[in-house]
Amino acid sequence: MAEAMVTARDLNKSFAQKRLSILKPRQYLHAVKNVSLEIARGETFGVIGESGCGKSTLARMMVGLHGPDSGVIRFAGRDAASLSAHERHGMVQYVFQDPAGSLNPRKTIRQILATPLKLLRGLGKQETRERLDEIMRAVNLPLEALDRFPHEFSGGQAQRICIARALLAEPDIIVLDEPVSALDVSIQAQILELLADLKEKFDLTYIFISHDLAVVEGFCDRVAVMYFGEIVEVTGSRSLFSGARHPYTRLLAHTAPRRGDDILAEADGELPDPLNPPKGCAFRARCSKSSDICATINPGLKTTNAGSDVACHFADED
Amino acid sequence: MMPLARRIVRNRLAAFGAGLLLTVTCLCLATPFLGLVDPNIINTADRFTMPFDEGYILGADHLGRDILSRLLWGTRLSLAVGLTAALIAALAGSLIGIAAGFFGGRVDALLMRSVDVLMAFPYILLALAIVAVLGPGLMNALIAVAVVNVPFFARNVRGMTLVIARSDFIAAARLSGRGNLSLLLFEVLPNLWAVIIVAFSTTVGWMILETAGLSFLGLGSQPPQSDLGSMLGEARAALITNPHTSLIPGLMIFVIVMGINLLGDGMRDALDPRLSKGGLQRSRPVTEIDRSKPPAPSRQPGLHLSGLCTEFRVGSSPLLAVRNVTLGLAPGECLAIVGESGSGKSVTALSVMGLVASPPAVITAGTVSYGGRDLLAQTYDVLRGLRGHRIAYIFQDPLNSLHPMLTVGEQLTEAMQSHEAGLSSDRLRERATKLLEDVRIANPAHVLASYPHMLSGGMRQRISIAMALANDPDVIIADEPTTALDVTVQAQVLKILDRLRREKGVGLVFISHDLNVVAQISDRIAVMYAGQIVENGPSRDVLDDPAHPYTRALLACSPQIGMAAGLPKPIGGSLPPADNLPAGCTFAARCSLASKACRALPVDLVISDEREVRCIKWEPAHG
């Protein structure tokens, strides 16, 4: 593997819950548990999982919107905790799921896009103007768009603006948090194409959060599958469907709708109670392979014979 | 957005209020230059002179002082004190609210609990206490009124700040390099102006009243200085014998407060986007219908739409949302309607039962036949009987369509009772349990006693399916029922819907933007584009051999897992605007096959065997 652009070691994050009564102890929701990962320079690394699995919390920790309770994040070998906010924002940027909601409704696009240039890059007026014209061309938006307000744009256009804002900070890494989930399929494809072009052009590393396996399969190089706050499998995205080793990855891959296939569904499957996490493997209640060992020992990520990392006691069986 | 000033002028009452205020303000500003007599000169000989008598335009008071002069000087003072108090309250309250809302946690707890303490006292008592401590005097009355009104601003502004501070655009601005102070000033504050101004304009009149009240009690302005409250207070003794001395300042207070309140309400309406969009306009129970000579209803079983047109009448040209849509659904069949957002698929579905909000929606042509009747010609009572009973809806977000304050059991039994009165509660409960079992809910008893927010998204969607099934409907119209759900849950819900229609013969209209989902459940697929059906046919045919270029493009940009197809192929461009549709084929601008002929004339739907295609390049196989 080339030089690691992003490394995370044993990240943990929990959120204090509102106290139901003064007499009861405060409860904590453990959103991300012992997550470690390594992402190479220039890689597109997918993180998939269902709502509530902790993927957005992980994404927000990467850019510093949440601080981890414990664990270390490194960007190109530098400890994120030692970086100033400015240094960090100049290295890692973020694109939100809801493009309209991440643009201040009272500001023009020019004002929004000039902010990172002025504050993170320290550019003057003339340079700012030139950079703005340049970036609008790069994301295929007309220059007139600069002087309009966010509500005048469609979802796809607004997402182009958000991508432009992230690019203007000249980051090495962009965290894309479900960047196409709120868009129509035809627009999704446009944005994915744009992201792929920009990655080449600006030599970027992507962390791509999604719940859509089909998109991840086509867009990413490697994928981490999260379940209940933990990474349960890291594998090449092309082998998501056929080569998955963790039963949860298989479940996800096979319930995703495919034209021509019948509907495949588990009879009944619910997430465990996050305030009352089960012992051992969190997936065992939904797993056909589960046995005694699953109820007591959390398997943890191990490299399998096939070369992927899987958190399952039976990863090497079939 | 229309400029604020123009919207206020358009609101007649607000304009009237503004006129009143402007007059009073001009008079106040001009007071020193009007050459009035000194308001404090006592001339006991002229006491209680009536208006228009002996050179006193408004008469004289109990000490023979000129009322006109005292009134204008007093109004000047009252307005200045009221406005200053309001400004101080707005400033202090907003600062507290912004800090509490933005920083949250301990700061919030400390600031808002202090404000709560202030609110725990009746306001006039609090004002009295403050004046009692500080001593009487206009300046102290001003402070008292300001302090009493701080909580109002603090609470309003905090609520709004909370929402803004947690929004994505604030997080995004933080990542663009803004620190806390810069975030507050340049990102949060611009979004708060409207709230602060509205709160200010609706309370300033109240504060003038309160200042007058304190002066009336002798705690505000001290003699001989006049303000409106003290004038009223001094005239109180002569209320019966010489009413003009109290009537005149009373009227002035009335005019000022009235003017401010009318203008304030107008500003609130103009600034609040929800109100300016007509959000408070009540929509009718049934979509407005304005059609001439509808075709006779079909007698076939199932649900049939024929030539349906629905438009939104906003602005100068109507938005044509649904144009001449003809669709049929046989019992037990699943018909999918697919298309991008804005293609008219949801409006089509809502038009069936007259559920599109009117105004602005109007159904301008077509019939909806069900059981030999034209649903569009039915009265509200008949439609209401059918809604949920024979034809039920399922929506995308079950949290919005379930009542948050009622348990699942209460809602289910209510749905059954509203169409079938007289069932015993045991019987109702039994049926509710059965319904939940039908949608594969493992422990119905527990779920029946739960509130919607206690359940997961997948559970809630199953419950809304159970609600839809409560009265054994013939048709279920499901509008993106699985879009908000995770894939594993989506598969469960699809399975339930599929089983229901096969076992119970329910006709299912399934609206979705996802061709992969639709492919798994539907018998027929209708593809909509810009309000029209562009292709309609058996699912197998449409998916395996798509005839319309738009259908092909949609399939090419819907990735499927396991195909290793790389990136999906985008469709360039976007939907044409619904109020300015092109003359020819609406898809021509995005179509690689488009020629001159496509753009010249509207394209008709060509029907051949079971397939319908709106494309001049299509050649039916058996044509």
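The values are calculated or read from the model by the stated rules, or taken from the named source; none is laboratory data. In this text, all values refer to a predicted model and were calculated from it rather than measured experimentally. Glycine also receives a Cβ, built like all others from the backbone with ideal geometry; neighbour counts cover every protein chain displayed. For accessibility, only protein heavy atoms count, side chains too; no ligands or nucleic acids. Shrake-Rupley method; radii C 1.70, N 1.55, O 1.52, S 1.80 Å.
Miscellaneous remarks
- For segment B:68-256: relative contact order, % (alpha-carbon pairs under 8 angstrom, 6 or more apart): 31
- Nonlocal amide H pairs with B:Tyr393, under 5 Å, H built at 1.01 Å: B:Gly388, B:Ile477
- Computed helical MRE - 222 nm, chain B, DSSP H runs ≥ 4 contributing -39500 (n - 2.57), nearest 500: -15000 deg cm²/dmol
- Rounded to the nearest Hz, the phi-derived 3J(HN,Hα) couplings of segment B:208-222 under the Karplus curve 6.51 cos²θ - 1.76 cosθ + 1.60 (θ = phi - 60°) are 5, 4, 5, 4, 4, x, 5, 5, 4, 7, x, 9, x, 5, 9, where x marks glycine and proline.
- Every pair of different Cα atoms in the protein assembly as shown enters the Kirkwood calculation, which places the hydrodynamic radius at 32.5 Å.
- Cα centroid separation, segment B:107-159 to segment A:112-144 (Å): 47
- For segment A:1-57, applying the loop criterion from DSSP together with a ceiling of 11 other beta carbons within 10 Å to the trypsin sites (Lys or Arg not before Pro) yields A:Lys18, A:Arg19, A:Arg26.
- Counting Cβ atoms of other protein chains within 10 Å of each residue's Cβ and taking the mean over peptide B:450-463 gives 1.
- The residues neighbouring B:Asn400, those whose beta-carbon lies less than 13 Å from its own, together hold a net charge of -2 under the Lys/Arg +1, Asp/Glu -1 convention.
- Backbone N atoms of segment A:261-303 closer than 17 Å to the 7 Å Cα→Cβ label point of B:Asn443 belong to residues A:268-278, A:285-286.
- Compactness of segment B:104-209, expressed as Rg and Dmax over alpha-carbon positions, Å: 17.0, 52
- For chain A, the longest principal axis of the C-alpha atoms and the axis of helix A:125-138 are separated by about 50°.
- Cβ neighbours within 10 Å from other chains - mean over A:213-223: 4
- B:Tyr451/B:Leu162 FRET efficiency (R0 25 Å; Cβ-Cβ; nearest 0.05): 0.55
- Approximate spin-label separation B:Ala330-B:Leu91, in nm, with each point projected 7 Å along Cα-to-Cβ: 7.7
- In this rough spin-label picture, where each label sits 7 Å from Cα along the Cβ direction, the B:Leu125-B:Leu29 distance is 4.3 nm.
- Within the accessible area of the protein assembly as shown (1.4 Å probe), percent carbon and sulfur: 57
- Angle in degrees between helix A:155-168 and the longest Cα principal axis of chain A, rounded to the nearest 10: 80
- P(r), alpha carbons of chain A - 20 Å bins starting at zero, rounded %: 30, 55, 15, 0
- Taking Cβ atoms as reference points and 11 Å as the exclusive limit, the residues near A:Arg9 contribute a net charge of -2, counting Lys and Arg as +1 and Asp and Glu as -1.
- 25 °C / 0.890 mPa s Stokes-Einstein diffusion coefficient of segment B:68-256, Kirkwood radius on C-alpha pairs, µm²/s: 136
- Loop sites here are GluC sites (Glu not before Pro) outside DSSP states H, G, I, E and B with no more than 12 other Cβ atoms within 10 Å. The longest part of chain B free of them is B:55-609.
- Across every direction, the projection of the convex hull enclosing the Cα atoms of segment A:138-256 has a mean area of 8.4 nm².
- Label-zone membership for segment A:212-230, site B:Met563, 7 angstrom Cα→C-beta point, backbone N under 12 Å: A:214-215, A:218
- Angle between chain B longest axis and helix B:408-419 axis [Cα atoms, degrees, rounded to 10]: 80
- Estimated FRET transfer efficiency (B:Asn471, B:Glu610; beta-carbon r; R0 35 Å; 0.05): 0.65
- Full extension of the chain between A:Glu38 and A:Arg78 yields a length gain of 13.0 nm, computed as 0.36 nm times the residue separation minus the alpha carbon distance.
- More than 16 angstrom apart: percent of Cα pairs within segment A:78-125: 53
- With the convex hull constructed from alpha-carbon coordinates only, chain B shows a mean projected area of 40.7 nm² over all directions.
- Summed residue charge, Cβ within 13 Å of B:Val382's Cβ, Lys/Arg positive, Asp/Glu negative: +2
- Charge dipole of the protein assembly as shown (Cα centre as origin; +1 on each Lys and Arg Cβ, -1 on each Asp and Glu Cβ, all else neutral): 900 debye, rounded to the nearest 20.
- Loss of accessible area when A meets B, both sides summed, Å² nearest 100, probe 1.4 Å: 5100
- A:Cys312 accessible area, assembled protein chains, probe 1.4 Å, Å²: 20
- Prolate/oblate/rounded call for segment B:435-506, Cα gyration tensor, a/c under 1.5 rounded: oblate
- Sequence-separation-based contact order of chain A, relative, with Cα cut under 8 Å and 6+ spacing, percent: 20
- Pairs of Cα atoms nearer than 8 Å and 6+ residues apart set the relative contact order; for chain B it is 11 percent.
- In a simple Cβ point-charge model (Lys, Arg +1; Asp, Glu -1; nothing else charged), chain A has a dipole of about 1180 debye relative to its Cα centre.
- Seen from a random direction on average, the alpha-carbon convex hull of segment B:583-623 projects onto 3.0 square nanometres.
- Helix-only CD estimate at 222 nm, as mean residue ellipticity for chain A, using -39500 (n - 2.57) per DSSP H run (n ≥ 4): -8500 deg cm²/dmol
- Amide hydrogen neighbours beyond the local backbone of A:Cys312, cut-off 5 Å, H modeled: A:Lys302
- The longest part of chain B holding none of the exposed loop trypsin sites (Lys or Arg not before Pro), meaning those outside H, G, I, E and B in DSSP with at most 14 other Cβ atoms within 10 Å, is B:300-623.
- Nearby lysines by direct alpha-carbon distance to A:Lys279 (threshold 27 angstrom, same-chain neighbours under 8 apart not counted): A:Lys13, A:Lys18, A:Lys24, A:Lys33, A:Lys55, A:Lys289, A:Lys302
- Exposed GluC sites (Glu not before Pro) absent: longest stretch of chain A, with sites in DSSP loops and at most 11 other Cβ within 10 Å deemed exposed: A:4-316
- Extending 7 Å from the Cα toward the beta-carbon at both B:Val133 and A:Gln17 defines two label points whose distance is 4.2 nm.
- Between the residues B:Cys334, B:Gly213, B:Thr245, the greatest Cα displacement towards the positive end of the dipole of chain B, with unit charges on the Cβ of Lys, Arg, Asp and Glu, is found for B:Cys334.
- Taking amide H atoms as placed 1.01 Å from N in the peptide plane, the amide H of A:Val232 lies under 5 Å from those of A:Val225, A:Met226, A:Tyr227, each 5 or more residues away in sequence or on another chain.
- Normalised per residue, the accessible area of the protein assembly as shown is 45 Å², obtained with a 1.4 Å probe and no contribution from ligands, DNA or RNA.
- Additional length obtainable on full extension of the chain from A:Ile297 to A:Leu143, 0.36 nm per residue less Cα span: 49.6 nm
- When chain A is treated as a Gaussian network with alpha carbon springs shorter than 10 Å, the biggest mean-square fluctuation among A:Asp98, A:Asp221, A:Asp273 belongs to A:Asp273.
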